[in-house]
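Below: the structure, in structure tokens.
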Amino acid sequence: MAGNLNEWCIDNNSENYGWDFYRNNPVHLSREIDPHIVKGGSGLHDEDCLRCASRDYYSPEMRDNIVGIRCVLNKDDGGHVE
């Protein structure tokens, strides 16, 4: 999960997560143009950022060779892609 690149996530950054009463890794969706969360780490990072739990955010217009996506199949759907 860590080592090759930061994973671009669907959720947007929130300056304050006080609204998350359960502290259950919330998904915060605002606008596509708002900064998105990136998780994980690239081999170009130091040991503090090179962890699965590492969390940062990037503006959608920013391009970087250490940020990418991870393809995921929903196990509940039987792994079928439509």
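Throughout, read-outs are computed from the coordinates displayed, never taken from laboratory work. Treat the numbers as computed from the prediction; the structure is a model and nothing was measured. Cβ sites come from the backbone with ideal geometry, for glycine too, and all protein chains shown count toward neighbours.
Some points to look at:
- The range 14-44: number of residues that are in contact with a Lys or Arg (Cβ under 9 Å, 6 or more places away or on another chain) and either closer than 19 Å to residue 70 by Cβ or hydrophobic (A, V, I, L, M, F, W, C) (or both): 5
- Restricted to the range 28-75, and to residues there that are among the β-branched types (Val, Ile, Thr) and within 10 Å of the chain's Cα centre (by Cα), the residue that is surrounded by the fewest Cβ atoms within 10 Å (Cβ to Cβ) is 69.
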